[in-house]
Amino acid sequence: MTRNRSPPCPEPAGARSISDPTTPSRARKPDLPRRGWVWCVYLALFALSVPWYLPNHDPPLLWFGIPYWVVLSLAACAAIAAFTAFVVYRFWPDDGEDP
């Protein structure tokens, strides 16, 4: 049994294809490669920010007058912020429009 197919709908006048380079970038799919490594780095940084992996010390070691795990956790949080700024600056799509 053959299936009856209707002819394709014509494009409206002035319509542009998604692959047309004059189409605004927000309407086109980005041709960026997958960036799975970004999520791996985030996972590692968030794992480092939680001090569950550190051994217990009695009395607690102090760095700069505070427990060393606080310094490590704050450093990991600063690294997360710096990495986020890098990812946004390097990989965020730019529309080229000023608000």
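Only the coordinates and a few stated rules stand behind these numbers; no lab work does. The model shown is predicted, which means the values in this text are computed figures rather than measured ones. Because the Cβ atoms are built from the backbone with ideal geometry, glycine has one as well, and the counts that use them run over all protein chains shown.
How high is the relative contact order of the range 36-91, in percent, counting Cα pairs under 8 Å that sit 6 or more residues apart?
42
Obtain the nm distance between the two label points defined at Phe46 and Cys77 by a simple spin-label model: each point lies 7 Å from its Cα along the Cα-to-C-beta direction.
Here the modelled spin labels are 1.6 nm apart.
So how far apart, in nm, are the two label points at Trp39 and Asn56 if each is 7 Å from Cα heading toward Cβ?
Each label point is offset 7 Å from its Cα along the Cβ direction, giving 3.6 nm.
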